[in-house]
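> Okay, handing you the structure first.
Just so you know, all these numbers are worked out from the coordinates, no wet-lab data involved. Remember, predicted model here, so these are calculated numbers, not experimental data. Heads up, the Cβs are rebuilt from the backbone with ideal geometry, glycines too, and the neighbour counts pull from every protein chain shown.
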2 protein chains.
Amino acid sequence: MRPLRIGVAQINPVVGDFRFNRDRIIEYIHQGLTHEIDLLAFPEMCLCGYPPKDLLLKKSFLDENMKSLEAILPETKNITVVVGLPTRRNEIYNSAALLHDGLLVGMQDKEYLPNYGVFDENRYFQSGSKANMFHVGTWRLGLSICEDIWHPEGMIRLMCLAGAEVIINISASPFHAGKPHRRADMLSTRALDNRTIIVYANQVGGQDDLIFDGNSLIIDQDGKILAEADLFSEQLIFCDVDLDGVVRERLQEPLNRQETLRRESELLEVQTINLEPLQRKKKSKPVLNTSRHFELEQQDPHSQVQKSLAEIYRALTLGVHDYVKKNGFRKVVLGLSGGMDSALTLVIAVDALGAENVVGVSMPGPFSSRGSITDAQALSRNMGTTLLRYPITKHFNHMEKTLRLIWPGKEWDTTEENLQSRFRGMTLMALSNKFGYLVLTTGNKSELAVGYATLYGDMAGGLAVLADVPKTLVYKLAQFRNQTGPKPVIPRTIINKPPSAELKANQKDTDSLPEYALLDQIIVAYVEEDWNVQEIVNYYNLEPGLVERIIHLINVNEFKRCQAPLGLRITPRAFGSGRRIPITQHYRELFEP
Amino acid sequence: MRPLRIGVAQINPVVGDFRFNRDRIIEYIHQGLTHEIDLLAFPEMCLCGYPPKDLLLKKSFLDENMKSLEAILPETKNITVVVGLPTRRNEIYNSAALLHDGLLVGMQDKEYLPNYGVFDENRYFQSGSKANMFHVGTWRLGLSICEDIWHPEGMIRLMCLAGAEVIINISASPFHAGKPHRRADMLSTRALDNRTIIVYANQVGGQDDLIFDGNSLIIDQDGKILAEADLFSEQLIFCDVDLDGVVRERLQEPLNRQETLRRESELLEVQTINLEPLQRKKKSKPVLNTSRHFELEQQDPHSQVQKSLAEIYRALTLGVHDYVKKNGFRKVVLGLSGGMDSALTLVIAVDALGAENVVGVSMPGPFSSRGSITDAQALSRNMGTTLLRYPITKHFNHMEKTLRLIWPGKEWDTTEENLQSRFRGMTLMALSNKFGYLVLTTGNKSELAVGYATLYGDMAGGLAVLADVPKTLVYKLAQFRNQTGPKPVIPRTIINKPPSAELKANQKDTDSLPEYALLDQIIVAYVEEDWNVQEIVNYYNLEPGLVERIIHLINVNEFKRCQAPLGLRITPRAFGSGRRIPITQHYRELFEP
């Protein structure tokens, strides 16, 4: 049998931009034809972009998907293409369409609908209940969608038991730190378990808070990675696969026959659709993009950490780039306090958008240190960015004085601190309004967790770049960037100074909060891992009162987070749509010895 | 047979306040015993309050529910009680527990899990698949939960076919305008269809954006309402029901026998649990709280409208009251512009919290009319509220001048308008910080829809009272309040002046927007009814370009709404958690003739 050339077009669609997505798909189909690809897979819902959320409740939006599919159809002459789209029959399904030689030959509906974390697919879709098998000449193909491949049982297993040699999985699987590696391992295991070739086509790109990392894969029946797409960029990958090899291995070591019989009596029904194989002249030399075996991958701990930091850094850069560009902005503006968070945000923004598109603003107030200005200057010089200067002291003093007439004799408190922060927010928003800049906020996950931030002040802006990055990780990313860039860009004085909001005299973050190393342990355990007070106290050997206090702070600051700008998600549990806590709630988590 | 005395304790729980909710439940059980009630039903998830959202993902939170249940158990001596709670076995269920004479005798799990609109129950719960039937002596009882009763088929039907004479439905069904009436009609129909007594126990109270209206009902097998609880307040209702009547009617007119046979072969299994009837001395005279037949209810159109306005007004009042109190605030503060929206918000706040707990602030700016001050004064006098005065003109002028140094020669635009609004937001937040007041925002749904509002300006605050009230309804509610209160409180000058933000010279809302009567038609059709451009243009005979422009405005302002404070929900589709649109999306809805 001649080898089958399989490809994945790992594209970056825009939600609701049907024309753009369609043109992108057609362009990659043409590239596929140039490379003599037989079978080309695109990501889940690539016609409309993922996740479209409640746009799926609009009939016209669903109709647009079908129109797009029809427009693509004539371009699929002499190639087999898999694209994803929502389809409407009596109910709505999340479907993969198989286009073969200019015809729509079949659909496969998603079986497992994720409805946890950031996913709400039960809100829109019915679960598919019929497995289709596509016979192309002598070989057999099964389609599946994202979550379907994360389950060892279900339709994919059924298709393989029924003889499919190739399983396509079209996905829109968002990134979090460590996920690409674990996903590749899972896919290799799945291929090996089922002695099948797996073609994994994942979306890439930023979409609001979510960052899709791509990393599409073609894996053989031994779990060996034949071709692997980059993380965080659009790419076409392809390679030749040996279908006879699959058949040979299954003859030698059959999939469980007992299971075959049991499965056949189940409700899921295998539909078989026969297709004429494409007529092709003899193929040019076989191609393998990359070859990596998951079991062999052994790295030393240091390089593992570096790899993880690199992934997070690139994810944030892509997230900023796509949010800015897809929302029609060209430039961003942010406040530069001379602190660590705004420094890292600036560097990420420059890496995402270019120095000419990033404007920093130094807004010294009555308690700003000299370093707050000089460090911002040094950083801006290193990065080649414009630095504006707009002191807020006079404005603040004037308003503080007139407000004091309303409350004579009252003590200075967070009111006056917030007021300074709000003057800065107001200044950035004025620049945004006047010049059309997007304001980036610079707060980190630790601050957002405990409410160490000012609503309408430092929380004012369109995108919170570090909202899912705990403070300790902010430092690691800064060091990573300094070490791996052409030269260090973040001044050591910024990295070494003790964190301070500089909103009153001699203020340090540690006046109100424990050391960040400690705080972040509690935040990660409580927010990301759902540990309770007992578990945190016992595991880290901490003082129960401290843990209770931090958890209480996390809980009572939901009202701030509910008005926070979108934050880029890089952990399995970011604040935002993946974590839904009522504002009004009195649940108190206390230590019970 | 002696009559059965059935009651509903329509309580207002606090999410996560296990002690408060438990004490409240025990207090009503004691009242129930005093009134010789045999069977007393509480709302869905009353032990923890509804909706607890992701608190349900905490094991300790689930455990607290079981502890609460155990604490209530001893109080149920000599009475039968139904309470709602989440229960954890292998999976989590939304359950009703039957407590009988001091023992936990059974559970019933919710079958239909709502996962649309503001509901995400598939995120947490598995669907119950077993119908339980409780035999108490000679009579039979079935339990169900909220959504279960909205479906004519399913377990409730099964229970009735299997002989249940009483169906308890414990609910947490949030209000929207017109819902109480439609719900009562549905429940009457359901009772009549199944020839069963229905006991409907609904939660009451505000919980973040949701307002639960209560309006619990006891309905006989002819669909006649025997007892009806008030809307929007805690209440105990009870009445005596005639179980022999149910049996008699079913003998004369049996439920469909063919369906009985078909149903029995289905997967749902009816479990039967036998209980000893409670020992009671002869009962005091029978009680009927109210008696209203749904078919007889005929009202003239004017009084229907008045009733609807009264319900909305009371819903908003309860929503404000509960958000303020449950979040530990005592007083609220709001900006009084002399306009309609802030006037209505003030009046609602006073009706909810008392005049002594509401502070208005007049913040005249460079473009404020004289009326903006005098009308705010007249209103505050009428309502007996404190009015603070804090002019923003000097602060604005100073900042406008120094900002202009950054952009010499640039024209005045929305930057300067927003700046005025943000000085006001900053002032209110300073008062909030200094005195612990909650800031109420005053924007209406029409403004929020098209983005005619300033982020961190008039959108700054903790609760948006009118966020789901279109401008035209704001006027109707104001007139309703003026007509039905002891005396008119909102000055005619406020009602009669053309709406204006007063952020530049001679500004009127109609400079940027169509008349509100027209705008609201489009907003309601598009946002609440999901009509497309064609349907709106054709139905209202509007200019396609205008409709396209308004819909485009609605779509591009998602970024503002994503940072808006919680708004009280009074329609089926409010902005907020019930409407989930991506910020990054290019879908454009155009007229296609």
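> For A:LYS224, give me every one of the lysines with a C-alpha distance below 25 angstrom, ignoring sequence neighbours fewer than eight places off in its own chain.
Leaving aside lysines fewer than 8 places away in the same chain, those within reach of A:LYS224 are A:LYS179, A:LYS283, A:LYS285, A:LYS307.
> How far apart, in nanometres, would the label points at A:HIS398 and B:THR393 be if each is projected 7 angstrom from Cα along the Cα-to-Cβ direction?
Reported label-point gap for A:HIS398 and B:THR393 is 1.4 nm.
> Could I ask something else about it? Above 18 angstrom, tally the Cα pairs of the stretch B:318-378 and express them as a % of all pairs, no decimals.
For the stretch B:318-378, the fraction of Cα-Cα distances above 18 Å is 36 percent.
> At what distance in nm do the modelled label points of B:ASP193 and B:ALA505 sit from each other, each positioned 7 Å from its Cα along Cα→Cβ?
So the label points at B:ASP193 and B:ALA505 sit 6.6 nm apart.
> I've got another one for you. May I ask for the longest run of chain B untouched by chymotrypsin sites (Phe, Trp or Tyr not before Pro) that are loop-located per DSSP and have at most 16 neighbouring C-beta atoms (other than their own) within 10 Å?
B:117-411
> Further question: What is the fewest-to-most order of A:ASP375, A:ASP193 by other Cβ atoms lying within 10 Å of their Cβ?
Exposure proxy ranking, most exposed first: A:ASP193, A:ASP375.
> Moving on to the next point. Copy-to-copy spacing for B:ARG370, label 7 Å out on the Cα-to-C-beta vector, in nm, shortest first?
With the label placed 7 Å along Cα→Cβ, B:ARG370 yields 5.6 nm.
> Where does helix B:243-252 land angle-wise versus the long Cα axis of chain B, in degrees 0 to 90, nearest 10?
The two axes meet at around 80 degrees.
> Here is a further query. Mean projection of the alpha-carbon convex hull of the stretch B:430-574 over all orientations, in nm²?
It is 10.6 nm².
> Need one number for the stretch A:39-92: average projected area of the convex hull over its C-alpha atoms, nm².
Result: 3.9 nm².
> Explain nothing, just the number: dipole magnitude of the stretch A:424-563 about its Cα centre with +1 on each Lys and Arg Cβ and -1 on each Asp and Glu Cβ, in debye rounded to the nearest 20.
880 debye
> Something else now. Angle check, please: helix A:59-72 long axis (alpha carbons) against the longest principal axis of chain A (alpha carbons), in degrees 0 to 90, nearest 10.
Its long axis makes an angle of about 50 degrees.
> Shifting gears a bit: What whole-number value in cubic angstrom gives the convex hull volume per residue for the C-alpha atoms of the stretch A:4-296?
Cα-based convex hull of the stretch A:4-296, divided per residue, equals 123 Å³.
> Treating the beta-carbon of each Lys and Arg as +1 and of each Asp and Glu as -1, no other charges, what is the dipole magnitude of the stretch B:74-223 about its Cα centre, to the nearest 20 debye?
260 debye
> Let me know the volume per residue of the alpha-carbon convex hull for the stretch B:531-585, in Å³.
Enclosed volume per residue, from the Cα hull, is 98 Å³.
> While we're here: Quantify how much of the Cα-Cα distance distribution of the stretch A:403-446 extends past 16 Å, in percent.
55 percent
> Quick check: the angle from helix A:370-383's long axis to the longest principal axis of chain A, C-alpha only, nearest 10 degrees?
Around 30 degrees separate the two axes.
> Follow-up question, since we're still on this one. Determine the equivalent ellipsoid of the stretch A:301-507 by diagonalising the alpha-carbon gyration tensor, then write out the semi-axes as square roots of 5 times the eigenvalues, largest first, rounded to whole Å.
29, 19, 16
> Can you pull the three principal axis extents for the Cα set of the stretch B:495-565, in Å, largest first?
Largest first, the stretch B:495-565 extends 37, 30, 22 Å along its Cα principal axes.
> Considering Cα pairs under 8 angstrom that are at least six residues apart, work out the relative contact order of chain A and quote it in whole percent.
Once normalised by length, the contact order is 12 percent.
> I would also like to ask the following. Considering only DSSP states other than H, G, I, E and B, which GluC sites (Glu not before Pro) in the stretch A:409-469 qualify as loop sites with at most 10 other Cβ atoms within 10 Å?
For GluC sites (Glu not before Pro) across the stretch A:409-469 that sit outside H, G, I, E and B with at most 10 neighbouring Cβ atoms in 10 Å, the list reads A:GLU411.
> From the C-alpha gyration tensor of the protein assembly as shown, pull out the three semi-axes of the equivalent ellipsoid (sqrt of 5λ each), sorted largest to smallest, in whole Å.
So the equivalent ellipsoid measures 47, 45, 29 Å along its semi-axes.
> Return the Rg/Rh ratio of chain A with Cα-based radii and a Kirkwood Rh.
Ratio value, two decimals: 1.03.
> Would you mind working out the magnitude of the charge dipole of chain B relative to its Cα centre, with +1 at each Lys and Arg C-beta and -1 at each Asp and Glu C-beta, to the nearest 20 Debye?
Rounded to the nearest 20 debye, it is 1780 debye.
> Say a label goes 7 Å from Cα toward Cβ at B:ARG330 in every copy; what distances in nm does this one have to the rest, shortest first?
Output for B:ARG330: 5.5 nm, nearest copy listed first.
> Let me ask you something else. On a C-alpha basis, how far is the centre of the stretch A:431-505 from the centre of the stretch B:1-54 in Å? Whole number, if you could?
So the two Cα centres are separated by 49 Å.
> Using the 7 Å Cα-to-Cβ label point, sort the distances from A:THR414 to its equivalents in the other copies shortest first and give them in nm to one decimal.
Going from nearest to farthest copy, the values are 3.1 nm.
> Still on this model: Taking the alpha-carbon centroid of each part, what is the distance from the stretch B:82-120 to the stretch A:110-143 in angstrom?
The stretch B:82-120 and the stretch A:110-143 have Cα centres spaced 31 Å from each other.
> Can you give the longest stretch of chain A with no exposed loop site, where a site means trypsin sites (Lys or Arg not before Pro) in a DSSP loop (not H, G, I, E or B) with at most 10 other C-beta atoms within 10 Å?
My reading of the result: A:283-593 is the longest stretch.
> Using C-alpha positions alone, give me the convex hull volume of the stretch B:412-490 per residue in cubic angstrom.
Each residue corresponds to 115 Å³ of Cα convex hull volume.
> Continuing with this model, one more query. At a threshold of 8 angstrom on Cα-Cα distance, excluding pairs fewer than six apart, so keeping six or more, what relative contact order does the stretch A:301-507 reach in percent?
Once normalised by length, the contact order is 26 percent.
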